[in-house]
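**Student:** First the structure, then my questions, so here it is.
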Amino acid sequence: MTTSKTAITAAPIAPVLANRWSPRAYDESYEISQHEVLSVLEAARWAASANNGQPWRFSVAVRGTELHAKVVEGLGGFNQAWAPRASALIVVSVQKFHADGSENKGAHYDAALAVANLTIQGEELGLHSHQMAGILHAKLHENLQLADDLEVLVVVSIGKVAAADTLQGPAYEREIAPRTRLTLDEIVLHGKP
Ligand SMILES: Cc1cc2nc3c(=O)[nH]c(=O)nc-3n(C[C@H](O)[C@H](O)[C@H](O)COP(=O)(O)O)c2cc1C
């Protein structure tokens with residue numbers, strides 16, 4: 001059985017938001033379609049960004065390809081134990097500088113908005129994503145031959161969820177743990193209804 005991790009909320013939220021969660025158990029037989037990849041990338045492309053700067057860049061590595069092997073090499077040890085079974089690994093990098101050479105201090109914020117769009121669009125398609133910062137940034141930069149002005153930010157796994165018991169050890173424990181959040185009282189400093 002696959003795990004249900006629907007958020008418990010004080011007021012209804014869109015089902016794609018409530019149902020999104022970050023699995024580690026992926027169905028290693030599921031092949032992501034070109035349509036699905038295009039759809040999540042389009043969702044990312046249409047995210048808002050400061051001055052419409054769009055500093056995000058994506059490298060899509062579908063399982064079984066040469067590129068995928070290069071991305072797997074750039075995952076941290078814990079993530080290497082489960083993420084390669086996802087249908088694809090998407091490396092997100094950001095342009096660190098504006099066209100005039102000044103630092104883009106909002107690049108990470110903008111890229112996070114694009115990744116949020118990507119994960120929600122995936123959910124709409126019945127695909128689950130898992131963002132990973134536990135990665136070897138320099139290794140990914142080198143393996144993907146990224147330009148010097150790009151900074152590797154995260155790798156996002158995407159695919160169909162599999163049963164939790166396809167995992168072992170800490171990954172299994174985390175898979176079956178309930179999802180928790182701070183309360184609204186803790187995070188809303190002013191104006192909570
Ligand atoms: C920027 C970022 C980096 C993360 N890095 C990792 C990671 O390296 N390995 C991992 O297993 N989970 C990672 N996660 C997943 C978080 O642990 C997870 O999103 C959080 O526990 C909330 O769970 P949920 O996404 O299921 O709601 C990361 C999430 C984000 C947003």
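**Student:** Counting pairs of Cα atoms in the chain, how many percent are more than 21 Å apart?
**Tutor:** Here the tail beyond 21 Å accounts for 55 percent of pairs.
**Student:** On to the next question. Sum up the charges of everything whose Cβ sits under 13 Å from the Cβ of ILE8, counting Lys and Arg as +1 and Asp and Glu as -1, but leave ILE8 out.
**Tutor:** It works out to a net charge of +3.
**Student:** In segment 15-187, what is the count of Lys pairs whose alpha carbons are under 25 Å apart, counting only pairs at least 8 residues apart or on separate chains?
**Tutor:** 6
**Student:** Can you tell which of PRO84, PRO15, PRO23 shows the greatest fluctuation in a Gaussian network model of the chain with Cα springs below 10 Å?
**Tutor:** Result for the chain, Cα springs under 10 Å: PRO15 fluctuates most.
**Student:** Using a Gaussian network model of the chain whose springs link C-alpha atoms within less than 10 Å, name the residue from THR183, THR65, THR119 with the highest mean-square fluctuation.
**Tutor:** Result for the chain, Cα springs under 10 Å: THR183 fluctuates most.
**Student:** To continue, here is another question. Could you give me D for segment 1-64, from Stokes-Einstein at 20 °C and 1.002 mPa s, where the hydrodynamic radius is the Kirkwood radius over C-alpha pairs? Units µm² s⁻¹, please.
**Tutor:** Taking Rh from Cα pairs, D becomes 142 µm²/s.
**Student:** Further question on the same structure: Relative to the Cα centre, what is the charge dipole magnitude of the chain, using +1 at the beta carbon of each Lys and Arg, -1 at the beta carbon of each Asp and Glu, and rounding to the nearest 20 debye?
**Tutor:** About 360 debye.
**Student:** On to the next question. Multiply the residue gap between GLU103 and ILE8 by 0.36 nm, knock off their C-alpha separation, and tell me the result in nm, one decimal place.
**Tutor:** 30.2 nm
**Student:** Going highest first, how would you order 100-111, 24-35, 149-160 by mean Cβ packing within 10 Å?
**Tutor:** 149-160, 24-35, 100-111
**Student:** Which Cα, out of GLY134, ALA163, SER29, lies furthest along the positive dipole direction of the chain (beta carbon charges, K/R +1, D/E -1)?
**Tutor:** Sorting the options by dipole projection puts first ALA163.
**Student:** Go ahead and estimate [θ] at 222 nm for the chain from helices alone: -39,500 (n - 2.57) per DSSP H run with n ≥ 4, summed, over the residue count, rounded to 500.
**Tutor:** -9000 deg cm²/dmol
**Student:** Can you pull the one-decimal nm distance between simple spin-label points at ASN52 and SER29, each 7 Å off the Cα toward Cβ?
**Tutor:** That separation, rounded to one decimal, is 4.7 nm.
Each reported figure results from applying straightforward, stated rules to the coordinates on display, with no laboratory input. Treat the numbers as computed from the prediction; the structure is a model and nothing was measured. Every residue, glycine among them, receives a Cβ derived from its backbone with ideal geometry; neighbour counts consider all protein chains shown.
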